[in-house]
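Novice: Questions regarding the structure given below will be posed in turn.
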Amino acid sequence: MAGLAPEGSQFDAGKFDQKMNDLIAADGDEFWTSYDEVYDSFDAMGLAENLLRGIYAYGFEKPSAIQQRGIVPFCKGLDVIQQAQSGTGKTATFCSGVLQQLDYNVTQCQALVLAPTRELA
Ligand SMILES: Nc1ncnc2c1ncn2[C@@H]1O[C@H](COP(=O)(O)OP(=O)(O)OP(=O)(O)O)[C@@H](O)[C@H]1O
């Protein structure tokens with residue numbers, strides 16, 4: 001029937017869980033369920049000078065709780081899942097992480113942000 005995913009391509013939660021468990025077991029040293037480093041200033045995060053200037057130009061003087069914990073692992077290129085209440089600065093967290101990693105000499109697309117607009121509506 002039109003519109004249906006091909007046979008075998010549907011998401012299988014059981015297989016996904018099994019795959020995740022295998023990955024965690026195999027690479028346990030590289031998998032954290034929390035990240036303990038906290039940076040209580042933007043200066044301390046080692047951000048690029050132009051990015052830092054932009055952050056301060058926006059009037060952001062001190063990083064929020066999620067920013068204190070979330071920007072640096074993002075900048076290190078880690079795969080991260082972050083969760084915080086609405087309005088606590090998540091957008092600036094992942095934007096800072098993306099901007100820090102961009103190569104400004106490259107004109108091709110370097111980042112893609114997918115947002116669940118239904119939840120934001
Ligand atoms: N460190 C900061 N200092 C001052 N203002 C900030 C800081 N970080 C974010 N803001 C401001 O706080 C407001 C909320 O931030 P933001 O939209 O990033 O939060 P969010 O967690 O992504 O929200 P939502 O869950 O609703 O998408 C924005 O107006 C943003 O400019």
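Novice: Would you work out if region 63-121 is rounded, prolate or oblate? Take a ≥ b ≥ c from the square roots of the eigenvalues of the alpha-carbon gyration tensor; rounded if a/c is under 1.5, else prolate when a/b is larger than b/c, oblate otherwise. Could the numbers behind the result be given before it?
Specialist: Working: a/c = 2.24, a/b = 1.32, b/c = 1.69.
In terms of gyration-tensor shape, oblate.
Novice: What lysines sit close enough to residue 76 to cross-link, taking a C-alpha to C-alpha distance under 19 Å and skipping anything fewer than 8 places away on the same chain?
Specialist: 90
Novice: Turning to a different aspect of this structure: Checking the a/c ratio against 1.5 first, then a/b against b/c, what shape does the Cα gyration tensor give for region 46-86? Write down the numbers at each step before the final one.
Specialist: On the way: a/c = 2.81, a/b = 1.31, b/c = 2.15.
Taking the square roots of the gyration eigenvalues as a ≥ b ≥ c, region 46-86 is oblate.
Novice: Within 10 Å, count the other beta carbons around each residue, average over each peptide in 91-97, 107-113, and list them highest first.
Specialist: On the way: 91-97: 19.6, 107-113: 7.7.
My ranking of the peptides, most packed first, is 91-97, 107-113.
Novice: Could you work out how much longer the chain between residue 21 and residue 111 gets when fully extended? Use 0.36 nm per residue separation minus the Cα distance between them, nm to one decimal. Don't skip to the answer; put the middle values down first.
Specialist: Details: separation 90, 0.36 × 90 = 32.40 nm, distance 2.83 nm.
Contour length minus the Cα-Cα distance gives 29.6 nm.
Only the coordinates and a few stated rules stand behind these numbers; no lab work does. Keep in mind that what you see is a predicted model, and the values were worked out from it rather than measured. Glycine also receives a Cβ, built like all others from the backbone with ideal geometry; neighbour counts cover every protein chain displayed.
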